[in-house]
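Scroll down for the structure; my scribbles are underneath it.
The values are calculated or read from the model by the stated rules, or taken from the named source; none is laboratory data. What you are looking at is a predicted structure, and each value in this text was computed from that prediction instead of being measured. So basically every Cβ, Gly included, is an ideal-geometry build from the backbone, and we count neighbours across all protein chains shown. Heavy atoms of the whole protein, side chains included, go into the accessibility calculation; ligands, DNA and RNA do not. Shrake-Rupley method; radii C 1.70, N 1.55, O 1.52, S 1.80 Å.
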Amino acid sequence: MRFKVQTLNDISTKGLERLPSDRYEIASEMGHPDAILVRSADMHAIQIPMSVLAVGRAGAGTNNIPVTLLSQRGVPVFTAPGANANAVKELVLAGIFLAARHICEAWDFVRGLDLTGDALENAVEQAKKRYIGHELPGRTMGVVGLGAIGVEVANAAHLLGMRVLGYDPQITVQRAWQLSSGVEQALSLDDLFARSDAVSVHVPLTDDTRALVNARRLRHMRDGGTVLNFARAGIVDEPAVIAALKSGKLGAYVCDFPSAAIRGVPGVVALPHLGASTSEAEENCAMMVADTLRDFLEHGNIRHSVNFPEASLPRVPKTARVAISNSNVPNMVGQISTRLAEAGLNIADLLNKSKGEVAYTLIDIDGKVPAGLVERIGTIQGVLSARVV
Ligand SMILES: NC(=O)c1ccc[n+]([C@@H]2O[C@H](COP(=O)([O-])OP(=O)(O)OC[C@H]3O[C@@H](n4cnc5c(N)ncnc54)[C@H](O)[C@@H]3O)[C@@H](O)[C@H]2O)c1
C-alpha cells in the first residue's frame, strides 16, 4: 500500500525524505489523503477529509489544529516535542552571556561613538568601567521547568561552572535520567528564587505558571540578578520586572518577547521570538514528526501524540495487526475480543492504553484479518476508528 500525505505548509526536505517515495505519495494538494503534515496553517479553517488517519505538526504547539474534533474521529495528532530544545538552549546561553557582560549596552555605546583615532580610544578607555561584568563559575542559576529545554539549559549551565538549582514537581523519568547529577533540586519556587543569581523559565503558559515571575519572588532574588524568559511572555509579570530593574534589584531581563512596555527599558534585552529559529530546529521537527507519522501509518504505533496515549508494540512474525481507537469507557476490550472470538481468531499480542477520553488498542492476530472484521469492530458503540495495519 502507498500512503498519501498532504502537506499544508512547506515541510523541510530532510523530513519528507523520511517518507520514501515507493511507500508515500506527498503533495500539497490531493484527494483523500491518509495523513496531513502541517506547520502553522490554520486547520480550524478547513474541512479535514474523512480519509485522514493522522495529523503531524512539525513543531511543538497545536493551537492551529482542531485537536478535540480529531480526537472524536479517532485521529491522533503528532507533534515534535524537544526537537527545538537545542536551538532554545543555545539562545538562552547567549542570553546569560549578554547579561553577565552587558554586551548589548556596551555594543550600543560603541555604535553611538562618532569619533576617530585618539578621541575614540580615550572614549573607549573611559567608558569601559561602566560595563564591568561578572564571570559565571560560582554564580547560581535557577531553572524552572525541567522538560526538554530546561534539562538542556540546566546541564549546560552546570558545564559552565555555575551552581544549578532545578524545580519541576512533574519531571518525567526520561528527563530525570538526562539531568546532570550536579543539578540540585530546589525545594520550592520561592526557595529557587531566594538562592539564585539568575533564573531561567522553561514551563508552558498555564493558569499555574502565569506571572510565575512576580514582584514577591523577584524581591527574594539576590541583588542585581538576571531573569531569562524564553518560554512565553505571560510567565513573567512585566510591570514587576520593570519596577525591579528600575530599583536596581534586578540587573537584567533577557527575553524572547518584546512588548511596547519593556522595549527600551534599561537592562532589558528583548529578542524577536528567535528561540526555535534555526534551520536545524526546523529540520529536526520535520524529521521527528515524519518518523512518528510513518511508524503510525505502517505499524499503528503511537509516540509524541497530544491526544493519544503512547502505544508501541513490536511486530510478531506471521501475524496481522488491527489498530482501534475508542472512547475510554468500560468493556471496550471485552467487546472487541468477542468480535475476534466470533471470527475464530487467536490473539497473539495485545496492547491497550488510554489518555483522557481516548483509548487505543493494538491487536496482533495469528494469520490474516478476514474480510469484514474491521467493519464489525466499527459497529461497536464507542469505537472511533479501526483499521488493519
Ligand atoms: N522561545 C521559543 O521560541 C520557544 C521555543 C520552544 C518552546 N518554547 C516554550 O518553552 C516551553 C518549554 O518547552 P519544552 O519543550 O521544554 O516543554 P516540556 O513540555 O518538555 O517541558 C515543560 C516542563 O515544565 C514543567 N512544568 C509545568 N508546570 C510547571 C510548574 N508550575 N513549575 C515547574 N515546572 C513546571 C513540566 O513538568 C515539564 O517538565 C514551552 O512550553 C514553550 O512555551 C519557546
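Listing for the model above:
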| read-out | value |
| --- | --- |
| Any hit, region 106-118, residues being out of contact with any His (no Cβ under 8 Å at 6 or more places or on another chain), within 30 Å of residue 195 (Cβ to Cβ) and surrounded by 15 or more Cβ atoms within 10 Å (Cβ to Cβ) | yes |
| Answer from 78, 109 - the residue that is at pLDDT 95 or above, within 16 Å of the ligand (Cβ to nearest atom) and aromatic (Phe, Trp, Tyr) | 78 |
| Qualifying strands (runs of 3 or more DSSP E) (wholly inside region 1-99; at least 2 residues being open to solvent by 10 Å² or more (accessible area, probe 1.4 Å) and touching a Pro at 6+ places or on another chain (Cβ under 8 Å)) | 3-7 |
| Tally of residues being closer than 15 Å to residue 221 by Cβ and surrounded by fewer than 23 Cβ atoms within 10 Å (Cβ to Cβ) across region 251-260 | 1 |
| Count of residues meeting criterion [open to solvent by 40 Å² or more (accessible area, probe 1.4 Å), in a loop (DSSP other than H, G, I, E, B) and in contact (Cβ under 8 Å) with a residue 12 or more places away in the chain] in region 315-360 | 8 |
| Selection status of residue 137, surrounded by fewer than 21 Cβ atoms within 10 Å (Cβ to Cβ), within 16 Å of the ligand (Cβ to nearest atom) and not acidic (Asp, Glu) | no |
| Any hit, region 145-153, residues being in contact (Cβ under 8 Å) with a residue 24 or more places away in the chain, within 16 Å of the ligand (Cβ to nearest atom), in a helix (DSSP H, G or I) and open to solvent by 50 Å² or more (accessible area, probe 1.4 Å) | yes |
| Residue 180 vs. criteria more than 25 Å from residue 131 (Cβ to Cβ), away from the ligand (no atom under 13 Å from the Cβ) and not in a strand (DSSP E or B) | yes |
| Selected residue (only one of 291, 364 is more than 23 Å from residue 72 (Cα to Cα), at pLDDT 95 or above and in contact with a Ser or Thr (Cβ under 7 Å, 6 or more places away or on another chain)) | 364 |
| Count - residues of region 221-265 that are assigned to a strand (DSSP E or B) and of a type in the set (Phe, Trp, Tyr) | 1 |
| In region 219-270, the residues that are within 25 Å of residue 109 (Cα to Cα) and among the β-branched types (Val, Ile, Thr) | 226, 227, 241, 242, 254, 262, 265, 268, 269 |
| Count of region 295-314 residues which are surrounded by fewer than 21 Cβ atoms within 10 Å (Cβ to Cβ) and in a helix (DSSP H, G or I) | 3 |
| Filter result (open to solvent by 40 Å² or more (accessible area, probe 1.4 Å) and near the ligand (Cβ under 10 Å from one of its atoms)) within region 154-167 | 167 |
| Failed item, numbered, when residue 215 is tested on (1) within 11 Å of the ligand (Cβ to nearest atom); (2) among the small types (Gly, Ala, Ser); (3) surrounded by fewer than 20 Cβ atoms within 10 Å (Cβ to Cβ) | (1) |
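Okay, residues lined up against (1) modelled with pLDDT under 95; (2) surrounded by fewer than 16 Cβ atoms within 10 Å (Cβ to Cβ); (3) of a type in the set (Gly, Ala, Ser):
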residue: 190; (1), (2), (3): no, yes, no
residue: 193; (1), (2), (3): no, no, no
residue: 196; (1), (2), (3): no, no, yes
residue: 203; (1), (2), (3): no, no, no
residue: 210; (1), (2), (3): no, yes, no
residue: 228; (1), (2), (3): no, no, no
residue: 236; (1), (2), (3): no, no, no
